[in-house]
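Single-structure report; data block below.
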Amino acid sequence: MTVRKLTLSAAATTTVLLLCGSILGATSATAAGAAPTAPTTTTTTIAPATARADIPDAPSVPGVPTTLAPPATGTTSEATVVRPAQGSAPATATEAPALALSSYDPKAGTAVLAPARADTEKTESAEAAVQPGQLIDSPPTPAAPHGALVAVTGVQPAADGTVAVTTRPATLPELLGATSADLHSAISPAAFEVKPWISGLQVTTDLGPTSGSGSVSGGLGLSADATVPLPGGSSAKLSGSVELHPAVDFSYRGGLGLIDPQQARIGFTLGAHADWHVSAALTGSTGPVRIALASYNASPVVMVGVLPVVINLAFTLYADISADGTVTLDAEQAYDGTWGVHSDYVKGPGWTTTTDPGTSTVSPLRLDLRGSATAKAGLLAEASVALYDTVGVKASIEPYLRVAVNGSVVLDAAHPEPEVNGTIALYGGLDINGALMARLVILGTPVLEQDLPFLAFHREWPITSWSTGQSPVPMVNWTTLSASLIDDNQSAYLRTRPDWDPSALKASCPDGSRLLGLAHGSDNGLCSDVTRANLWDANHGYVVDHGGTYVNTDWAPGYAKAQCPAGSFVSGYSRNGRTLGVLCAESATPLGTASRTLWFDSGDNRPAVAGGGDFAYGFGKGQCADDEFVAGVAYGQPWWQLWAARPYALLCQKLA
């Protein structure tokens, strides 16, 4: 159930490398879920919008049994000394005695091999067996916590039975040759080292049996009962329990040569169940707050035949809370789901990063909210998976519950009817952001020594809403848009009209709202009716601009622009490859003319108290002030996304 792919082709890779070389020389699904009838048992499920296209078939290569080694055995510290792969055959073992890395300096390329067993005889066999040109494939040891795969370039024996070697980094094609390996396996909780980050946190591991299919009935658990400080002198109380089920994906299909494979995959999935309780007094000045709960690290060994391949899996679990107003929050919620990300390599097309949102449910169990704000509470996992600590993907995955309240509400599963005075709206959501970790030398596919972001997955869906009594002030609506996969037309009117920008990915604000923010590096946007509601003219007139037809001054030199005519405001945006467009809605009232250019290509440029929350986590965001509207967008192509236009600046204009 794959939702989003971003491909780095061989041609794009070559272009980027050439550009970087010249510079150096000169100096990351449609959300499903109808509003439930009983708010006390609300559950909403995400389903992906489209299935992942099949990866092109690689030439037939011999398959090798691939299994996950037990977390601890008597031989896990032994290094494997092998002759490199030849032709279609994988590397072959030498006659070296049982050795282990007793020291290793990856920067200097030096290592010392020592007898791995106390009863190993100190003979000249170690000196004779370890020769230049051979490979050392080591599982995790104290000297190499993430394992090591190196080629021997020189040997210097020592009198005490150890062997000092000089090395260079080796690649998986040198180790596996033209073999084929596939593994999707849960990781046993016993393989993880867990570090709590707050007091009042208890970490548990349920060491259930592992089935032949690779599933683990146990899991990594934690329970919390802690109070943590927040900015501004307030605090938050966290309690509840979380159970995690991590798994890794690894596959490899070698080619006829030893330069690069025909196909490879590295990735992970993370299943979770949580009953989580957050209570805090939040204000707009609090801003988004992440509270690190615990870090998890494991380096499981995948046995490809007799050859070990080390996978490094690490993730940190956070409590994530934020508010854009003043609210007293006391919320208990349940999460269930399985999510995943992975990167695939196919010779020719290159690397593709894929986000799989799987299924996600967010259920409010109890709420007590008072104030006027939009508040969010979620559990965020930041994870990475690598081979020998050198290649892979990293991602943040967060299911969350968001509430917009103006007044008060008390909701309890024991009482079918909530107590509401004012207005409240509940939303469930899922955010997945990440990057391909581009240090790919170990797979023989060097790209860049920088991480390459992939288009994020973001989906938010309404759960339910209530309105009763006398609301103190009108409710302000904030809507996050995401057109990274499919069109996100929130305008009810436009959904009844012909496609307003055919062949382009597009998003539009709800009727009456206007665009206030865009993200650089993703297709996310932010809409609101703050300060001025129902801004669109009753006749629903609009135009679409791509080429700057209405630009009358160069407000962003050096960049292409899409801009609205006078008397209109941006209520949507589109992207067709290297071109951006804006949807310009006619205003029901006269608009101001005072304007400014707001740049956000180097990081966030938002109001000090920015409504709407973090609508594109991990990307730079631009957001106009509450009394402004977006009149135009300046765009170009980042060096790492030459195939996709990205916004760099907004033309913010006063409403009055």
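Comparison of ALA148, ALA164, ALA129, ALA158 shows that the only residue that is of a type outside the set (Lys, Arg) and crowded, with 23+ Cβ neighbours inside 10 Å is ALA148. Each residue in segment 272-288 was checked for being modelled with pLDDT under 85 and either hydroxyl-bearing (Ser, Thr, Tyr) or open to solvent by less than 40 Å² (accessible area, probe 1.4 Å) (or both), and 6 of them qualify. Applying the criterion of being hydrophobic (A, V, I, L, M, F, W, C) and in contact with a strand residue (DSSP E or B) (Cβ under 7 Å, 6 or more places away or on another chain) to the residues of segment 514-533, the residue that is nearest to GLY613 (Cα to Cα) is LEU526.
Taking the residues in segment 289-306 that are open to solvent by 10 Å² or more (accessible area, probe 1.4 Å) and part of a strand (DSSP E or B) as candidates, determine which candidate is farthest from VAL64 (Cα to Cα). It comes out as VAL289. Note on segment 68-88: residues that are at pLDDT 80 or above and either touching a Lys or Arg at 6+ places or on another chain (Cβ under 6 Å) or surrounded by fewer than 17 Cβ atoms within 10 Å (Cβ to Cβ) (or both) total 2.
Residues that are within 30 Å of ALA170 (Cβ to Cβ) and open to solvent by less than 10 Å² (accessible area, probe 1.4 Å) within segment 384-401 comprise VAL385, ALA386, LEU387, VAL391, GLY392, VAL393, ALA395, listed in sequence order. Name the residues in segment 540-565 that are charged (D, E, K, R), farther than 9 Å from ALA634 by Cβ and open to solvent by less than 30 Å² (accessible area, probe 1.4 Å), would you? Listed by number, the list holds a single entry, ASP545. Screening SER465 with (1) over 21 Å from the mean Cα position of the chain (by Cα); (2) open to solvent by less than 20 Å² (accessible area, probe 1.4 Å); (3) modelled with pLDDT under 85 gives one miss only, at (2). In the condition set (1) closer than 30 Å to ALA144 by Cα; (2) open to solvent by less than 10 Å² (accessible area, probe 1.4 Å); (3) at pLDDT 80 or above, THR353 is compliant with all but (3).
Screening the candidates ALA377, ALA404, ALA334, ALA314 for the property of being surrounded by fewer than 24 Cβ atoms within 10 Å (Cβ to Cβ), among the hydrophobic types (A, V, I, L, M, F, W, C), at pLDDT 85 or above and within 24 Å of TRP461 (Cβ to Cβ) yields one hit, ALA334. The residue of segment 611-624 that is surrounded by the fewest Cβ atoms within 10 Å (Cβ to Cβ), among those that are more than 15 Å from ASN477 (Cβ to Cβ) and at pLDDT below 90, is GLY618.
All of (1) surrounded by 24 or more Cβ atoms within 10 Å (Cβ to Cβ); (2) part of a loop (DSSP other than H, G, I, E, B) hold for GLY517 with one exception: (2). Looking for something under 23 Å from ASN552 (Cα atoms), more than 26 Å from the chain's Cα centre (by Cα) and not in a loop (DSSP other than H, G, I, E, B) - is there at least one such residue anywhere in segment 609-627? Looking for residues that are under 23 Å from ASN552 (Cα atoms), more than 26 Å from the chain's Cα centre (by Cα) and not in a loop (DSSP other than H, G, I, E, B), one finds none in segment 609-627, hence no. Kindly provide the set of residues from segment 568-590 that are within 12 Å of TRP536 (Cβ to Cβ) and surrounded by fewer than 19 Cβ atoms within 10 Å (Cβ to Cβ), ordered by number. Within segment 568-590, ALA588, THR589 meet the criteria. Sort out which residues of segment 95-117 are open to solvent by 40 Å² or more (accessible area, probe 1.4 Å), in a loop (DSSP other than H, G, I, E, B) and over 15 Å from GLN134 (Cα atoms), and write them in order of number. Scanning segment 95-117 gives PRO106, LYS107, ALA108, ARG117. Residues in segment 634-656 that are under 20 Å from SER482 (Cα atoms) and among the aromatic types (Phe, Trp, Tyr) were compared, and the one that is surrounded by the fewest Cβ atoms within 10 Å (Cβ to Cβ) is TRP643. Restricting VAL194, VAL242, VAL203, VAL163 to those that are of a type in the set (A, V, I, L, M), modelled with pLDDT of 75 or more and within 30 Å of ALA108 (Cα to Cα) reduces the list to VAL163. In this structure, does ALA190 turn out to be hydrophobic (A, V, I, L, M, F, W, C), farther than 26 Å from PRO246 by Cβ and surrounded by fewer than 21 Cβ atoms within 10 Å (Cβ to Cβ)? Answer is no for this residue. Can you find a residue that is polar (S, T, N, Q) and in a strand (DSSP E or B) anywhere in segment 579-592? Within segment 579-592 (the criterion being polar (S, T, N, Q) and in a strand (DSSP E or B)), the answer is yes, since at least one residue qualifies. Just one of (1) open to solvent by 10 Å² or more (accessible area, probe 1.4 Å); (2) of a type outside the set (Phe, Trp, Tyr); (3) assigned to a strand (DSSP E or B) fails for GLY232. It is (3).
Within segment 572-608, the set of residues being modelled with pLDDT of 95 or more, among the hydroxyl-bearing types (Ser, Thr, Tyr) and within 25 Å of the chain's Cα centre (by Cα) comprises TYR573, SER574. Among the residues of this structure, ARG439 does not count as one that is modelled with pLDDT under 85, open to solvent by 10 Å² or more (accessible area, probe 1.4 Å) and in a strand (DSSP E or B). Cβ-Cβ contacts under 7 Å between residues 6 or more apart (or on different chains), taken from a first residue in segment 166-193 that is part of a strand (DSSP E or B) to a second residue that is among the acidic types (Asp, Glu), are listed as HIS184/ASP249.
The values are calculated or read from the model by the stated rules, or taken from the named source; none is laboratory data. What you are looking at is a predicted structure, and each value in this text was computed from that prediction instead of being measured. So basically every Cβ, Gly included, is an ideal-geometry build from the backbone, and we count neighbours across all protein chains shown. Ligands, DNA and RNA are stripped out before the accessible areas are found, and what is left, the full protein with its side chains, is counted by its heavy atoms. Shrake-Rupley method; radii C 1.70, N 1.55, O 1.52, S 1.80 Å.
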